[in-house]
Every structure is written in C-alpha cells, then in structure tokens.
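Chemist: Handing you this structure, nothing more for now.
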Amino acid sequence: MRPVMRAAALPAALALAAFAAQPTPAPQVEAAFSTYAPGAAAVTYDTTAVPTGATVRLAIADAATSPKVTLRLTGLVPDRAYGAHLHQRPCGPDGAAAGPHYQHTADPAATPEKPSADPAYANATNEVWLDFTTGPDGSAQSSATHQWPFNQQNPPRSLIIHAEPTQTAAGHAGMAGARLACVNLP
C-alpha cells in the first residue's frame, strides 16, 4: 500500500511545485471610464476630454524591484496632449481625492494642501509620469520604467489623467492642469 500512496502523492507534489513556480500576475486594470460610483475602476471627471466609454488598460510589472508601468487608452479626444501620473490615494468623487503624486523619495516640504513643485522631487525620475498625446483615432500609449521599487507598505493607489502635459520648471514642476480622470490600481 505504501508504494501506491507515493505514486499518488508524486503527481500532486509535482502539480503543487509547478503552481508555486508560476509568477504572480502583474497588477492590471482594464476598464471603460464612467462617472463616479464607489468601487469604479475608471472614473471620468470631464466627459468632454475623457468621454464615458473611453477605455484604459493599465499594467504594472515588477513593482517590487524595478516597476514598469504601461498605459493604453482608446476613445479620447484625437490629437490632444495629456499629463498622467501615479497618485498616492484611490479615486474618489473628484480628482482631489487621489491626493498628491506618488514619489519614490518624498519631498519633505510638500503637504496635502501644497504638493511638491520642487524639480528635485517632482520629476520623471522620482515620480511615475506617463504623459501622452492621442493619435487621430483618440488612442494613445505610454510607459515608464524605474530602477527603484514601489513602497510595499504605501504603494501608489491610482493614476490621474491631467488636462496638460507635465511642467518641469522650478515652482511648477509636476503640475499638469486639471484632473480629468482617475484609474484605481489593484
């Protein structure tokens, strides 16, 4: 009887080992923008610039080592430039709910009321900037890779699409105009 148990246990052990060897899927959101409702994956605050029904695919790979964030959008205004950044808090009934930009090294002078505008902190190396310009069909894609991990205790919680490309000048660094839409991260 003992050899039968070993033979039966071997396939189960192999299946368990194969399962354990599978990589954890990267966090990903695929959704259509809608007006705000609690738990919505993608929210539009400006239906002219980000129409209801426009789609988003946001994927994050290697968040614990060197994150690569990929953004794909369809159904937006054609031939238009937008800013886009990861933010500290989830989406809410308005764009302000997402809080300030996610920073790898936080600006010690920044506050929730006065976000960082210091180019030493508000820059594409210390934050995740995904600015994009749509094509004639209203689609766009953007990606960013960093050599630092996301903070596992306090990771970014959303992506905000802004009305303008991101500024880089001192006193205005990181600013990108109105918050048009928000995507919750898993």
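The values are calculated or read from the model by the stated rules, or taken from the named source; none is laboratory data. Predicted model, so just to flag it, every value in this text is computed and none were measured. No Cβ is skipped: glycine too gets one built from the backbone with ideal geometry, and neighbour counts run over all protein chains shown. Ligands, DNA and RNA are stripped out before the accessible areas are found, and what is left, the full protein with its side chains, is counted by its heavy atoms. Shrake-Rupley method; radii C 1.70, N 1.55, O 1.52, S 1.80 Å.
Chemist: Provide a single number: the residues in the stretch 133-161 that are part of a strand (DSSP E or B), of a type outside the set (Gly, Ala, Ser) and open to solvent by 10 Å² or more (accessible area, probe 1.4 Å).
Modeler: Qualifying residue count for the region: 3.
Chemist: Which pairs have Cβ atoms under 7 Å, sit 6 or more apart or on different chains, and link a residue in the stretch 27-43 that is under 10 Å from residue 55 (Cα atoms) and without any contact (Cβ under 8 Å) to a residue 40 or more places away in the chain to one that is basic (Lys, Arg) and assigned to a strand (DSSP E or B)?
Modeler: 30/57
Chemist: Something else about it: Does the stretch 69-76 include one or more residues that are in a loop (DSSP other than H, G, I, E, B), at negative phi and either modelled with pLDDT of 95 or more or charged (D, E, K, R) (or both)?
Modeler: yes
Chemist: Regarding residue 162, is this residue in contact with a Phe, Trp or Tyr (Cβ under 7 Å, 6 or more places away or on another chain) and in contact (Cβ under 8 Å) with a residue 60 or more places away in the chain?
Modeler: yes
Chemist: Still on this structure, I have one more. Against the conditions (1) in a loop (DSSP other than H, G, I, E, B); (2) of a type in the set (Phe, Trp, Tyr); (3) surrounded by 14 or more Cβ atoms within 10 Å (Cβ to Cβ), where does residue 82 fall short? Just the number, please.
Modeler: Of the numbered conditions (1) in a loop (DSSP other than H, G, I, E, B); (2) of a type in the set (Phe, Trp, Tyr); (3) surrounded by 14 or more Cβ atoms within 10 Å (Cβ to Cβ), the odd one out for residue 82 is (1).
Chemist: What are the residues in the stretch 28-58 that are open to solvent by less than 20 Å² (accessible area, probe 1.4 Å), of a type in the set (A, V, I, L, M) and assigned to a loop (DSSP other than H, G, I, E, B), if any?
Modeler: Those that are open to solvent by less than 20 Å² (accessible area, probe 1.4 Å), of a type in the set (A, V, I, L, M) and assigned to a loop (DSSP other than H, G, I, E, B): 40, 49, 50, 54.
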